[in-house]
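Chemist: Below is a structure I'd like to ask you about.
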Amino acid sequence: MLITEYLVNWTIGLFSLKLEIQERQNILIKLVNQDVDFFFETVSGNILTRLVGDTQSLAFGVQQFVTNIIYFLTGCITAISIMLLSNMVTVALFSGIYLFLVIGIAFMLFIKSRRKLILAFDKKRDVDEDMTDRVSNISLIKSSGLEKYEIKRIEDMNEIYNRAGDPSITWSSILNSFISTSISLMSSIYIIAVAIIIVLQNANQAQVAKVSTDIILVNILLSFLLGAVGMLVPTLRSATRAQNAAQRISELTEPVPTIFSNYEEAEIKKIESITLEGIKFAYPKKPDKIILPKTSITFEKGKSYAFVGETGSGKSTIAKLLLKFYEPTEGKIMITGKFDIGEGKTKTESHDLHDMNLPSYLSRVGYVEQEPQIVFGDFWENIRYAKFDATDEEVIRATKKANLHDFIISLKDGYDTILGQRGFLLSGGQKQRLVIARVFLKNPDLLILDEATSALDNIVEKEIQKELDQLMQGRTSVTIAHRLSTIKNVDQIIVLGANGKGILQIGTFEELIEKPGRFKKLYEAGLMG
Ligand SMILES: Nc1ncnc2c1ncn2[C@@H]1O[C@H](COP(=O)(O)OP(=O)(O)OP(=O)(O)O)[C@@H](O)[C@H]1O
């Protein structure tokens with residue numbers, strides 16, 4: 001008995017662990033393949049609680065459900081079988097029918113309480129999601145001195161969860177009391193029925209003695225049944241918990257991505273030029289708001305380009321299209337370069353980015369954005385993110401070019417220093433230098449600088465700009481710019497108009513500053529200072 005119980009628990013425990021790991025893996029695979037747009041819509045706290053909390057709830061719910069249902073079924077079957085084997089057919093039949101009725105009523109009561117239970121689960125997740133989000137924005141809370149406000153907010157949310165939890169507990173208690181009272185009643189009904197029969201049949205002493213022994217056995221078996229039926233409420237509760245978690249997980253895994261990596265396509269070994277061929281763009285969530293009207297432009301090999309324009313004119317959207325975070329609503333982005341044709345040979349061809357082998361293309365693209373992305377890990381790990389097989393010497397060469405090496409070796413643990421979440425240890429300029437070192441290591445053909453220095457102060461910006469200029473040498477570069485200092489020397493400045501007007505002007509800085517037009521206005525208004 002003990003061994004069987006151990007084996008049952010062990011098997012179910014192992015199964016639920018595997019289920020939890022598999023679900024996490026499944027969510028993570030779906031998430032990394034998901035369109036970027038999906039993450040703009042879904043708050044990170046939401047994703048994290050589903051990834052961690054809901055997978056755990058699902059596994060725990062399934063584990064509890066399976067364990068409880070096994071105990072419930074074995075309890076009922078054993079008790080009724082013993083009754084049948086002891087020739088208590090009437091008692092078994094009566095118990096069976098009675099049980100059936102009790103379970104039926106209990107089930108109906110449960111259906112009524114199920115909604116309350118789900119509401120309580122949902123409120124709990126709301127609190128979890130909110131807390132995860134707030135903790136990840138702790139510097140905002142600290143810098144605003146809003147600790148008390150946040151504590152009060154969470155208390156209020158917990159109060160809502162508490163209120164949502166109350167009815168579900170009330171219903172569970174009603175259900176539990178109903179089940180235990182009903183089963184206890186069974187033995188009283190049995191004793192009363194036997195007493196009536198004895199009196200009516202005027203039973204002799206031997207018959208009364210036999211019935212008394214039967215009553216003891218029946219009572220034992222009924223208490224067995226009570227134990228088994230007592231598992232019903234936790235069983236149904238676990239099933240609801242698992243189902244609720246599964247449904248929430250499916251909200252993360254069901255959306256179908258629209259951007260594909262095309263792993264099977266030929267790899268690009270070198271990017272030469274990029275042409276936006278009559279592209280038109282509106283964000284999928286706002287298809288009526290045209291961000292870029294029909295736009296055509298070629299970024300030639302080794303030349304530098306800068307997009308300028310008012311806020312919301314679509315500058316960063318260009319960067320997102322070049323990274324294939326989004327695809328043009330109309331038109332194509334044609335990439336010309338050397339494509340792998342097998343046996344170590346390449347051929348110069350032009351391919352639509354839509355159909356290209358995306359990882360091979362992105363491995364030739366360097367991206368520096370305003371908010372540097374730092375992963376939890378040491379400097380080695382962070383810089384090697386651009387090239388996993390880079391030697392220590394290559395990494396050090398890259399950090400020297402990015403002017404970060406001296407700072408790193410001044411730290412107690414040097415390159416082994418663990419960078420906290422999002423690089424809390426580093427200053428804005430140091431974080432940006434780390435990203436620049438990454439790009440030096442990657443040695444890309446196309447460089448996309450999306451307001452790379454706009455979060456930095458003027459002095460740091462000037463220093464970083466030197467590294468960025470060095471990085472741009474000999475590569476095709478597309479800069480999304482706010483300040484004049486970053487674009488004065490580029491080959492072509494492209495001026496975008498607000499409200500989906502698209503390209504208004506193209507020229508060098510000297511050309512544009514002479515002509516009346518949008519750029520001159522931006523310059524004179526001090527917007528490109
Ligand atoms: N994911 C999105 N879904 C819907 N609309 C978006 C999305 N991202 C940006 N937009 C909208 O697209 C327009 C262009 O945004 P974009 O970031 O390209 O402008 P920008 O010129 O780079 O502005 P800024 O100089 O302020 O960074 C804006 O009106 C913005 O609100």
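Chemist: Just to confirm my numbers, what's the Cα centroid distance between the range 128-192 and the range 369-383 in Å?
Modeler: That distance is 39 Å.
Chemist: Further question: Which percent of the accessible heavy-atom area of the range 243-351 goes to carbon and sulfur, probe 1.4 angstrom?
Modeler: Within the range 243-351, the accessible surface is 50 percent carbon and sulfur.
Chemist: Determine the principal axes of the Cα atoms in the chain, then give the extent along each, sorted from largest to smallest and rounded to whole angstroms.
Modeler: Between the extreme Cα coordinates on each principal axis of the chain lie 122, 57, 53 Å.
Chemist: Counting alpha carbon pairs within less than 8 Å and at least 6 residues apart, what relative contact order, in whole percent, applies to the range 371-443?
Modeler: So the answer I get is 51 percent.
Chemist: Related question: About the Cα centre, and with charges only on the beta carbon of Lys, Arg (+1) and Asp, Glu (-1), how big is the dipole of the range 13-104? Nearest 20 debye, please.
Modeler: Dipole magnitude for the range 13-104 comes out near 340 debye.
Chemist: Right, here's the next one. Which one of Asn176, Ile12, Ser143 is farthest out on the positive end of the charge dipole of the range 2-253, using unit charges on Cβ (Lys, Arg +1; Asp, Glu -1) and the Cα centre as origin?
Modeler: Of the options given, the answer is Asn176.
Chemist: To test your reading of the geometry: what angle, between 0 and 90 degrees and rounded to tens, separates the Cα axis of helix 55-85 from the longest principal axis of the chain?
Modeler: Helix 55-85 sits roughly 20 degrees off the main axis of the chain.
Chemist: Now for a separate question. When DSSP assigns beta bridges and you keep just the ones with both residues in the chain, what percent turn out antiparallel, to the nearest 5?
Modeler: 60
Chemist: Compute the long axis of helix 428-442 from its Cα atoms, compare it with the longest principal axis of the Cα atoms of the chain, and write down the angle in degrees, 0 to 90, nearest 10.
Modeler: The helix 428-442 is inclined about 80 degrees to the chain.
Chemist: Turning to a different aspect of this structure: How much accessible area does Met231 have with a 1.4 Å probe, in Å² rounded to the nearest 10?
Modeler: In the full protein context, Met231 sits at about 50 Å².
Chemist: Based on the Cα gyration tensor of the range 2-253, what are the three equivalent ellipsoid semi-axes, each the root of five times an eigenvalue, rounded to whole Å and given largest first?
Modeler: Computed over the range 2-253, the values are 51, 21, 13 Å.
Chemist: Farthest toward the dipole's positive end in the range 371-443, which of Val395, Tyr385, Ile436, given Cβ charges of +1 (Lys, Arg) and -1 (Asp, Glu) about the Cα centre?
Modeler: Of the options given, the answer is Ile436.
Chemist: In addition: Working from Cα positions, state the angle (0 to 90°, nearest 10) between the long axis of helix 232-253 and the longest principal axis of the chain.
Modeler: Value to nearest ten degrees: 20.
Chemist: Also: Which whole-number percent is the relative contact order of the chain (Cα, under 8 Å, 6+ apart)?
Modeler: 15
Chemist: So for the range 47-93, Kirkwood radius off the Cα pairs, Stokes-Einstein at 20 °C and 1.002 mPa s: how many µm² s⁻¹?
Modeler: The diffusion coefficient I find is 164 µm²/s.
Chemist: As a test of reading the structure, rank Ile487, Ile513 by solvent-accessible area (1.4 Å probe, protein chains only), most first.
Modeler: Descending accessible area places them as Ile513, Ile487.
Chemist: Compare the Cα positions of Asn244, Ser212, Phe121 along the charge dipole of the range 2-253 (+1 at Cβ of Lys, Arg; -1 at Cβ of Asp, Glu; about the Cα centre) and return the one farthest towards the positive end.
Modeler: The residue sitting most towards the positive pole is Ser212.
Chemist: Explain nothing, just the number: dipole magnitude of the range 23-175 about its Cα centre with +1 on each Lys and Arg Cβ and -1 on each Asp and Glu Cβ, in debye rounded to the nearest 20.
Modeler: So the dipole magnitude of the range 23-175 works out to roughly 480 debye.
Chemist: Nearest 20 debye, what's the magnitude of the dipole of the chain about its Cα centre given +1 on Lys and Arg Cβ and -1 on Asp and Glu Cβ?
Modeler: In debye, rounded to 20, the chain gives about 760.
Chemist: Can you give me the C-alpha center-to-center distance between the range 309-339 and the range 258-301, rounded to a whole angstrom?
Modeler: Between the Cα centre of the range 309-339 and that of the range 258-301, the gap is 4 Å.
Chemist: With a Cα-only, solvent-free Debye model of the range 269-422, what are the log10 I(q)/I(0) values at q = 0.16, 0.20 Å⁻¹?
Modeler: -1.03, -1.23
The values are calculated or read from the model by the stated rules, or taken from the named source; none is laboratory data. Since this is a predicted model, take the numbers as computed values, not measurements. Counting neighbours? That spans all protein chains shown, and the Cβs are built from the backbone with ideal geometry, glycine included. The area values use the complete protein model at the heavy-atom level, side chains included, leaving out ligands, DNA and RNA. Shrake-Rupley method; radii C 1.70, N 1.55, O 1.52, S 1.80 Å.
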